[in-house]
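The structure appears right after this line, and notes come after that.
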Amino acid sequence: MSDILPKRLLAGHEKPTIRVSPLVLDAAALEVSAVYARLATGAEGLGAAQVAARLAEHGPNVLARDRRVTFPRLLWSAVLNPLVILLAILAIVSFSTGDPRAGSMMVLMVVLSVGLKLYQEAKADSAAAKLKAMISVNATVLRDGASREIPLAELVPGDVVQLAAGDMIPGDVRIVQAKDLFVTQGSLTGESFPVEKHAAAPVAATTAPLDLPTIAFLGTSVESGSASAVVVATGKDTYLGGMAQSISTQPPPTAFDRDISKFTWLLLRFMFVMVPAVFVINGFSKGNWVEAFFFAVAIAVGLTPEMLPMIVTVCLSKGAVAMGKKKVIVKRLNAIQNLGAMDVLCTDKTGTLTMDKVILERHCDVALRESDAVLALAYTNSHFQTGLKNVLDRAVLAHEETQAHARIPQMTKVDEIPFDFERRIMSVVVRTPEGMDLVISKGAPEAIFPRCSSSELDGARLPMDHAHIEELVREYERLSADGFRVLAIATKQVPPKGAVVHGTPYGKSDESELILQGYVAFFDPPKETCAAAIADLRGHGVAVKVITGDNDLVARKICKEVGLPVDAVLLGADVERMSDTELAEASEKVTLFARVSPAHKQRIIKALQSRGHTVGFMGDGINDAPGLHAADVGISVDTAVDIAKASADMILLEKSLRVLDEGVLEGRKVFANISKYVRMGASSNFGNMFSVLGASVFVPFLPMLPIQILSNNLLYDIGQTTIPTDSVDADQIQRPRPWNIKALTRFIVFIGPCSSVFDYTTYFVMLYLFGCWNVSTPAAAIHSASLFQTGWFVESLLTQTLIIHVIRTNKLPFVQSRASWPVLGMGLLIIAVGVGLPFFAAGRYLGFTQLPGRYWPLLALTITCYLALTQGVKMLLLRRGWI
């Protein structure tokens, strides 16, 4: 695998921009003296003048600054919505053409929608974690030959830095001197174990950059040992800096954003057909073109679900509160719906599938039996080792109950033979209570075995060619293939040595003629809840894919243990060679991607998106930031690095797939409630427009005044504000439910005209039963128009309000599924307002008149038949799988 992008690939497909500086690669292949020469520096470090010049040339060693969204930007985001813009344009037209009542109603709608969205977004932004400067600690640097502590931001290329255990690597650096240096770079690669770094033997620049043994990268840290290094790249020129640059651009529209846009354009297409038709028909049939124009403008508003931005924001905000109670903090509201629509979850391995804690899994003798004696020897070695304990030592020392068996209080340390990357062995020498010196060596089996002359089992010596040893070798190979880190344990008992004049009494030559005792095996085990959580996600229609920088053997083992089938593995090198089309096809079939770079993670996510998937990505390391940025919903944890949290849409307070599964269900509830508003509003408005079109042809006056249409819409939309509180049927959250414009269009086309049928029956009742044909005198015409408009207004408002209960569920309303009490209460309130409005002064202001007593039983019959017809059509569409 290579993190560098070969030129031959640049023309094949879009390439990620995350790469290692060529200067870093050159430095990796140079001798130390040549590195100093190349960077115009020396072992004594830089002088003050050189530092000032380089700081001016390269800038401060920082990656990011605070990116908190300002109020003007939040306001612009709230206003820049197609529906809000359309409503604002219609309001301007109404004011400019002399209809201030209609214009004022539209302005009120805009203010309500934008104001609430702005309030909720501002709350969410203030609660979100801010991206702070990545570099906020000090580094030990040599300047003019003197050691000093300086802020990392002041570091420049050519500086010579001193590194010790616990230090953060302050830039992309070339190691020039090292002693037992181990670096933790899991934040870049996803690997659980630290890796060795050293200054020796320059390597070819074709080696994968993150595997270069002479280079350490910004964002990693020193696990143990010490070193001197020369800074090659700082700030944006580092590997991490390139990653920060890749996520600094505006994220692409999410699946939710894209589908809302499609829905808006669907309504606009309806409007471009219906509004001109209504205008022309009313102009010719009524002869009053000005009145026809205002009526057409009101129809345009009627086709617009003007409260959609507000309803969406309220639903998302309520979802954010509910998810917060389930340990999921939402940074970006739109991501809630994306989480519900997510059908593919890409996740890293370490800490998500695993405990992110290396434990001592096995301690066996040469016969592969669990052995407390072997554990005691390993414990003694780690206990007496000097310096910072690495993760393996800490895993051994966690077994404190072994102290007594190991006789630690009775032991005295005599000497230590430190680890180095050539031997791959670390030994301690202790004096036993019997007065003998005991050499205890641990190291890679391939390094320990050649130094052993025999093995020991139950107190008996066995030759190294014994069958037990052959079986031990096979076990080591099997464990290594399963992702375990295996260390062999060997000993040698010798008489105490006399005092030496120089140095220490024991050295590397004493690591010979050892007696093999057994081995210890370490592992980062899967979480206990992980398998069940993955099964739950699968049951809810979410496919889980693992994308890790760790090796494929470790990752394959973990996947197997948590119940993820791995038929094929795609490595980073494979991803590098593939075109976008090839990668998209392969990503559908592959569950595990291993040894991948951050740039590869981005490509994999985009490949899955190109196949129509809504993709979530869960990660917490620096190497996960580009993937979090590219995904439809980026998920991180509160313990993640700052750059990962800044790139994420959601932050889990507990790094658990179980918590995430609960969040998915909450996201689907949010989506279901948003869908209810869209389906109810669009289908009702669509049906009303057919009613208006027909009425415009044969009714001798406007079937409803523009202000009445706007009032009807406003009351209806106010009734919808309780939808975010509505309960959601279990079947609606069982599977991912992305926006389906085709299904929505079918719903509108079939359900909408149902209301038109009963609008037309209302027309004929008003015209023939209540005499609204009478326009023989101006007074009669005014009365007939007002009575007709009142009758249709009340019927339209009540049927729209009650049909909510049919459309909100796929079941039988009121019997198999009942709306929440706020929805029921608000519906009753809107019905009361609609029924009572003609009796009050506000109704007279809007042009209404009182309705005759015979109207009300006919209205009840109309509503009953309408609900029954709509339920029947809905069930037919469901049975045929059309919605």
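Laid out as a table, the results:
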item: Candidate lysines for bridging to LYS262, where Cα separation is under 16 Å - those fewer than 8 sequence places away on the same chain excluded; result: LYS742
item: Relative contact order of the chain, defined on C-alpha pairs under 8 angstrom at six or more residues apart (%); result: 14
item: Positive minus negative residues near SER755 (Lys, Arg vs Asp, Glu; Cβ under 14 Å); result: 0
item: Shape of the chain, Cα gyration tensor, a/c cut at 1.5; result: prolate
item: Length gained when the stretch LYS742-SER261 is fully extended (0.36 nm per residue, less Cα-Cα span); result: 171.8 nm
item: Gain upon complete extension [ARG73, TRP882; 0.36 nm per residue less C-alpha separation]; result: 287.2 nm
item: Cross-link table LYS325/LYS669; LYS179/LYS601; LYS413/LYS492; LYS327/LYS389; LYS318/LYS545, entries beyond 24 Å C-alpha to C-alpha; result: LYS179/LYS601; LYS327/LYS389; LYS318/LYS545
item: Rounded, prolate or oblate (a/c below 1.5 giving rounded, otherwise prolate when a/b exceeds b/c) for region 696-824 by Cα gyration tensor; result: prolate
item: Counted charge near VAL494, where neighbours are those whose Cβ lies closer than 9 Å (Asp, Glu -1; Lys, Arg +1); result: 0
item: Sulfur and carbon atoms: percent of accessible area, the chain [1.4 Å]; result: 60
item: Largest-first ordering by accessible area, 1.4 Å probe, given options ARG474, ARG461, ARG808; result: ARG461, ARG474, ARG808
item: Partners for LYS357 among aspartates and glutamates (Cα-Cα distance below 14 Å; same-chain residues under 8 apart left out); result: GLU191, ASP393, ASP524, GLU528
item: Cα-projected label distance for TRP821 with SER509, points at 7 Å along beta-carbon direction, nm; result: 8.9
item: Listed pairs LYS527/LYS560; LYS527/LYS606; LYS442/LYS508 exceeding 18 Å between Cα atoms; result: LYS527/LYS606
item: Whole-number accessible area per residue in Å² for region 428-495, which is evaluated in the context of all protein chains at 1.4 Å; result: 44
item: Over the chain: helical MRE at 222 nm, DSSP H runs n ≥ 4 each giving -39500 (n - 2.57), nearest 500; result: -15500 deg cm²/dmol
item: Pairwise FRET efficiency - SER104 versus PHE764, Cβ, R0 = 45 Å, nearest 0.05; result: 0.85
item: Separation in nanometres of the label points that stand 7 Å from Cα toward Cβ, at GLU149 and ARG369; result: 5.5
item: Average accessible area per residue (Å²) across region 686-796 - probe 1.4 Å, nucleic acids and ligands excluded; result: 34
item: Accessible surface, region 306-373, averaged per residue in Å² (probe 1.4 Å); result: 30
item: By average C-beta atoms within 10 angstrom, highest first, the peptides 822-830, 159-167, 661-669; result: 661-669, 159-167, 822-830
item: Amide H within-cut-off set for LEU181, under 5 Å, with H built and near neighbours excluded; result: LYS197, SER226
item: FRET efficiency, 1/(1 + (r/R0)^6) with R0 35 Å, evaluated for GLU588 and LEU812 via beta carbons; result: 0.35
item: Pairwise label distance in nanometres, ALA49 with ASP211, each label 7 Å out on the Cα-Cβ vector; result: 4.5
item: Mean Kyte hydropathy of -1.0 or more with a Cα span along the axis of at least 30 Å, helices from DSSP in the chain; result: 100-127, 255-286, 657-698, 741-764, 778-807, 855-879
item: Euclidean distance between Cα centres, region 814-868 to region 402-427, Å; result: 85
item: Around LEU375: net Lys/Arg minus Asp/Glu count, Cβ-Cβ under 11 Å; result: -3
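The values are calculated or read from the model by the stated rules, or taken from the named source; none is laboratory data. Everything quoted here is computed from the prediction, not taken from an experiment. Please note: Cβ atoms are built from the backbone with ideal geometry, for glycine as well, and neighbour counts cover all protein chains shown. Side chains are part of the model used for accessible areas, which takes the heavy atoms of the whole protein and leaves out ligands, DNA and RNA. Shrake-Rupley method; radii C 1.70, N 1.55, O 1.52, S 1.80 Å.
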